[in-house]
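Here is the structure we will look at.
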Amino acid sequence: MKKLAATTLLLAGLAAGANAADPVIYTTNPVPAVEAAQAVIKEKAGLTTGIITGGSGVLLRRIEAEKAAPQGDVFWSSSANTMGAFKDVLEPYSSPELANVPADLRVADDYFQPANLHVVTVMVNTDQLDGAPAPADWKDLADPVWKGRIILPDPANSSTGYTIVWGLSKLLDAETYKALVGNLVVSSSSSAVPKGVAMGEYAVGLTFETNSYSYVDGGQTEIAIVYPSSGTFTTPEYSALVKGAPAGDDARKAIDALLSKEAQTELLKVAFRRPSRTDIKVSDYVKLPELSSIKVFKIDEEEAARSRDAFLAEWAALPKAGSSE
Amino acid sequence: MNHSALRTPWPWLSALALALLGVFVLYPLLYIFTASFAGEGRSGWLQLLEDRRSLEAIGNTLVLACVVTLFATLIGVPLAYVSARYRFRGKLFITLLPLITLVIPEVVTAQTWLMILGNNGVITRFLKGYGILIPSFYGWFGLITSMSFIYYTYVYIGTVAAIGKFDAQLEEAAQSLGTPPVRARLHVMLPVIRPAILASALLVFTMVVGNFAISTILGHNLPLLSVAIYQAAVAEGATNLTMQSTLASTSVLIVMAVLFVNRRIIAKGRYEIVQGRGAKPQPLKGAQGLLVSAAAGIVVAVSLLPLVTIAVGAFTVSRGPVMRWGEWTLDNMARVFITAPGPLVNSIVYAGIATVISVCFSTLVSYLVVKKPNLMTPVIDYVSAIPLALSGTVLGVGLLASFNGGFLALTGTSTIIVLAYVVRRMPFGMRNGQAILHNIPNSIEEASISLGSPPLRTFLRVVLPMMLPAVASAAILTWTTTVSELSASLLVYSGGRETLPIQIFRLIDSGLMAYASAYGLVLVAVILVPVVVATTVFKVDLFASK
């Protein structure tokens, strides 16, 4: 009985010992990016951070579910489209670091803070081409030879996937768009896309350059990155402050640190995140092209967010190559 | 209950045990059952009937469980048969099987299978060179293959003892009465070992229903029940429970139905071997021996493959997600111990505390149930077995929902992780403790009491020392299964409280196999060290109660 009492005490001690004030970051980012960010936050703000990882929709819905008693402090990161629907559980924060971010990336009231800029790439495994010519543009991927060999993250669950198919629906004519969608395999997990291409499970993956470049940087020579010649899509990713964040001011400090030049440089070097700041030259650190040399097809993010439900319903009705069943 | 009984500590301890079980086992279970009916808006069951994907998930899970159970039995029973009845080269290897399943994290197993049989796997590429195309490993093919090769060990463990105890004279008798050898074996031996086979097969069935790690990695877009529960739980959070609780209840009902069938079958056909003389293993020589060695060897080698992969991966140079096979480094290990030791420390602390609590509780409670029966003890016995019917995901959902706020807010604490561990693994200790207590005669205890020693002191000084070997083996089994627990802790953990399996799961998801392998190898060591120390230094028999 004494033993029982002692362990109960120990348990209580454990629960109390956890520092409640440490900011907790809900993040969609992979481990290396998260660790780089944690290191900079520790160095710049002296804060130890807790991490919960998951998909953007999943984490935002969790923040919404916890709104009576928030468990998280900072959300990092997703597109404005996805985050727009959750404004009532987030809180605007005009971080002083935003002075170094171009105005066209910022959102009204600084509800979210631009953390980095994603560029959509076509990730190709040249060992898996099986004689087909490497694609150079979107319309090449509409060829039936690619049926079932292109993987993309599920637009319903992933902002990456949504950005890609929304952009494609605007860039391509209806017929090519339909043919291309017919070749796609939808993956419920975004991280399975670059992994699937790198392991040769799929010949082509539609994913952000941060993911595809990590394999090129790793020295996997059969991986090629294609920036489609008719233009690709970019989307800024944002961090946000959770409304009623239990860490209070420390949560704001964590966001400042996330947006700092140090953090963005580190994230570029470690996780190949194109910075949202203008004072970092990408090619100084990694072998990625400067943004000015990439052809970008502008998409209207607001319209994309507004038409989300209707677009996803249309998307769901289109025939695809499969969902790997 | 008379007045004098109340003066002993036992009724009070029974009440306390029942109260604890009520709060931490019954309450969460009832909570999710009620939430499935009384969620916001329409009942979860009505929504479920209209949700094609969820229904598909339930159907797929049942089919998968049936097929895997069949394959696991087809691999496990013959393997148990040859190893119980014959001697052949490399037999020692097969005795390692039980340890393999306890030691290798399922996430690692799934990933290893992908490296071998995935679209770009070693074998896939080899066969492709000869123009043979095998189906995609994601989905049915991968799930059935990898689960069959994990769960056959449970069938093996469950049947090998039964076959070993089978009296070979019965078989000889049948033969001397004119039955041909093969038929003699089928007709005489099968009925005797059938309960053991069925019981382990049904155990496999429930484990497949509850499996989360492999389902989520290899299932890809094939809807499965445990993955659906996890996704619903993460998406709905702790405030709206409708869908997660409905799906979780479905899982519980499936497993309970299976356990019910199990009881019926075992109660029906039980043959007792009277004064059985187990058959002496016969040596197998020549071509036959070689064939058996080779077949058994392949099965064991395939089960060991993930272990080899992580051992190599843990010391392989990597850059980001790219592995540089053939270049060696200690960096990955340095990371586990120096740069990011959090998961290691968390795992040891949480699993250590959980093991202590779980063993103390189960020892005391099994003593109450076996030796100090009162009105409460049958209920205690029954309730403490309930966690066997809960998969990790279901338990995680129940605990998160029940202790999110209200009278006991545990969300976001370390306590809820330890609690999940204790509830999930406590039945192991219970089974162990009860088995040994039935063998300790009451007269010893009565002698001690009649010599004037008070009941509690008698328990601590006389009964407990006799239980110690069983308690030690229960502690080790609890430790090994707790350290590798993923599915319940993945739901209830909070930032900074990652354990080794959670960290491995996250790293594999990020594609960082080298780091994942390093954490995996350390996890294997954390599991194995106590097992090796206990079995060699303290001579604990791990399967003492079986």
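Quick one: residue A:157 ticks every box in (1) at pLDDT below 90; (2) surrounded by fewer than 22 Cβ atoms within 10 Å (Cβ to Cβ); (3) closer than 22 Å to residue A:203 by Cα bar one, so which box is it?
Checking residue A:157 against (1) at pLDDT below 90; (2) surrounded by fewer than 22 Cβ atoms within 10 Å (Cβ to Cβ); (3) closer than 22 Å to residue A:203 by Cα, the one that fails is (3).
For residues that are under 13 Å from residue B:30 (Cβ atoms) and touching a Phe, Trp or Tyr at 6+ places or on another chain (Cβ under 6 Å), scanning just segment B:397-411, find the one that is surrounded by the fewest Cβ atoms within 10 Å (Cβ to Cβ).
Only one residue fits best here, namely B:401.
Would you confirm, using the coordinates I've provided, whether residue A:193 is on the phi < 0 side of the Ramachandran plot, within 13 Å of chain B (Cβ to nearest Cβ), part of a helix (DSSP H, G or I) and in contact with a Phe, Trp or Tyr (Cβ under 9 Å, 6 or more places away or on another chain)? Lay out the reasoning, then the answer.
Details: on the phi < 0 side of the Ramachandran plot: yes; within 13 Å of chain B (Cβ to nearest Cβ): yes; part of a helix (DSSP H, G or I): yes; in contact with a Phe, Trp or Tyr (Cβ under 9 Å, 6 or more places away or on another chain): yes.
Against the criterion (on the phi < 0 side of the Ramachandran plot, within 13 Å of chain B (Cβ to nearest Cβ), part of a helix (DSSP H, G or I) and in contact with a Phe, Trp or Tyr (Cβ under 9 Å, 6 or more places away or on another chain)), residue A:193 qualifies.
Among what's in segment A:41-54 and is crowded, with 21+ Cβ neighbours inside 10 Å and more than 7 Å from chain B (Cβ to nearest Cβ), pick the residue that is nearest to residue A:264 (Cα to Cα).
This residue is A:41.
Please work out which residue is surrounded by the most Cβ atoms within 10 Å (Cβ to Cβ), limiting yourself to segment B:332-347 and to residues that are among the β-branched types (Val, Ile, Thr) and more than 13 Å from every other protein chain (Cβ to nearest Cβ).
B:336
All but one of (1) over 30 Å from residue B:307 (Cβ atoms); (2) at pLDDT 85 or above hold for residue B:81; state the number of the condition that does not hold.
For residue B:81, the exception is condition (1).
When the residues of segment B:440-452 are filtered to those that are under 22 Å from residue B:360 (Cα atoms) and either in contact with a strand residue (DSSP E or B) (Cβ under 9 Å, 6 or more places away or on another chain) or not β-branched (Val, Ile, Thr) (or both), which remaining residue is farthest from the other protein chains (Cβ to nearest Cβ)?
B:441
If you go through segment A:198-224 one residue at a time, how many are part of a helix (DSSP H, G or I), within 10 Å of chain B (Cβ to nearest Cβ) and in contact (Cβ under 8 Å) with a residue 24 or more places away in the chain?
7
Give the residues of segment B:302-340 that are in a loop (DSSP other than H, G, I, E, B), under 31 Å from the mean Cα position of the chain (by Cα) and at pLDDT 90 or above, sorted by residue number.
Result: B:314, B:315.
Are any residues in segment A:281-303 surrounded by 12 or more Cβ atoms within 10 Å (Cβ to Cβ) and at pLDDT 85 or above, and if so, which ones?
A:282, A:285, A:286, A:288, A:289, A:291, A:294, A:296, A:297, A:299, A:303
Select from segment A:221-253 the residues that are over 19 Å from the mean Cα position of the chain (by Cα) and closer than 30 Å to residue A:70 by Cα and list them in ascending order.
Answer for segment A:221-253, where residues must be over 19 Å from the mean Cα position of the chain (by Cα) and closer than 30 Å to residue A:70 by Cα: A:243, A:244, A:245, A:246, A:247, A:248, A:249, A:250, A:251, A:252, A:253.
Of these, B:510, B:489, which one is touching a helix residue (DSSP H, G or I) at 6+ places or on another chain (Cβ under 7 Å) and over 26 Å from residue B:360 (Cβ atoms)?
None of the other options fit; the residue is B:510.
Tell me which helices (runs of 4 or more DSSP H) are completely within segment B:380-451 and hold 1 or more residues being closer than 23 Å to residue B:463 by Cβ, or say none if there are none.
Output list reads B:414-437, B:442-450.
For segment B:125-150, name all the residues that are of a type outside the set (A, V, I, L, M, F, W, C), under 19 Å from residue B:220 (Cβ atoms) and more than 9 Å from every other protein chain (Cβ to nearest Cβ). Can you show your working first?
From segment B:125-150, those of a type outside the set (A, V, I, L, M, F, W, C) are B:125, B:128-131, B:135-136, B:138-139, B:142, B:145-146, B:148; that's our starting set.
Next cut, under 19 Å from residue B:220 (Cβ atoms) only: B:135-136, B:138-139, B:142, B:145-146, B:148.
Residues satisfying the conditions are B:135, B:142, B:145, B:146, B:148.
Got a number for residues in segment A:155-188 being within 14 Å of chain B (Cβ to nearest Cβ) and free of Cβ contacts under 8 Å to residues at least 60 places away in the same chain?
The total comes to 1.
So residue B:381 passes all but one of these: (1) without any contact (Cβ under 8 Å) to a residue 60 or more places away in the chain; (2) over 30 Å from residue B:209 (Cα atoms); (3) touching a helix residue (DSSP H, G or I) at 6+ places or on another chain (Cβ under 9 Å). Which condition number does it fail?
(2)
Restricting the search to segment A:34-58, which residues are within 21 Å of residue B:410 (Cβ to Cβ) and hydrophobic (A, V, I, L, M, F, W, C)?
Listed by number, the residues that qualify are A:51, A:52.
Take residue B:46 and decide whether it is loosely packed, with under 14 Cβ neighbours inside 10 Å and closer than 27 Å to residue B:313 by Cβ.
Spelling it out, it is not the case that residue B:46 is loosely packed, with under 14 Cβ neighbours inside 10 Å and closer than 27 Å to residue B:313 by Cβ.
Hey, can you tell me all the residues within segment B:316-331 that are within 13 Å of chain A (Cβ to nearest Cβ) and of a type in the set (A, V, I, L, M, F, W, C)?
B:317, B:322, B:323, B:325
Name the one entry in B:200, B:215 that is within 20 Å of the chain's Cα centre (by Cα), within 14 Å of another protein chain (Cβ to nearest Cβ) and either under 30 Å from residue B:80 (Cα atoms) or small (Gly, Ala, Ser) (or both).
B:215
For residue A:234, are the conditions met, namely being more than 11 Å from chain B (Cβ to nearest Cβ) and surrounded by fewer than 23 Cβ atoms within 10 Å (Cβ to Cβ)?
The answer is yes for residue A:234.
Only residues in segment B:176-189 that are among the small types (Gly, Ala, Ser) count as the first member; pair them with residues that are surrounded by 11 or more Cβ atoms within 10 Å (Cβ to Cβ), Cβ under 8 angstrom, at least 6 apart or cross-chain, and list the lot.
As it stands, the answer is B:184/B:171; B:184/B:174; B:184/B:175, since those pairs meet every condition given.
Only one residue in A:245, A:179, A:198, A:174 is buried (at least 23 other Cβ atoms within 10 Å of the Cβ) and either closer than 17 Å to residue A:137 by Cβ or not assigned by TED's automatic domain parsing to the domain that holds residue A:78 (or both), so which one is that? It would help to see each step written out before you state the result.
Numbers: A:245 fails: either closer than 17 Å to residue A:137 by Cβ or not assigned by TED's automatic domain parsing to the domain that holds residue A:78 (or both); A:179 fails: buried (at least 23 other Cβ atoms within 10 Å of the Cβ); A:174 fails: buried (at least 23 other Cβ atoms within 10 Å of the Cβ).
Of the residues listed, the single one that is buried (at least 23 other Cβ atoms within 10 Å of the Cβ) and either closer than 17 Å to residue A:137 by Cβ or not assigned by TED's automatic domain parsing to the domain that holds residue A:78 (or both) is A:198.
Between residues in segment B:492-512 that are more than 7 Å from chain A (Cβ to nearest Cβ) and of a type in the set (D, E, K, R) and residues that are surrounded by 23 or more Cβ atoms within 10 Å (Cβ to Cβ) and part of a helix (DSSP H, G or I), which pairs lie under 6 Å by C-beta distance while being six or more apart or on different chains?
As it stands, the answer is B:497/B:414, since those pairs meet every condition given.
The values are calculated or read from the model by the stated rules, or taken from the named source; none is laboratory data. On a predicted model such as this, the values are computed, not experimentally measured, just so you know. Glycine also receives a Cβ, built like all others from the backbone with ideal geometry; neighbour counts cover every protein chain displayed.
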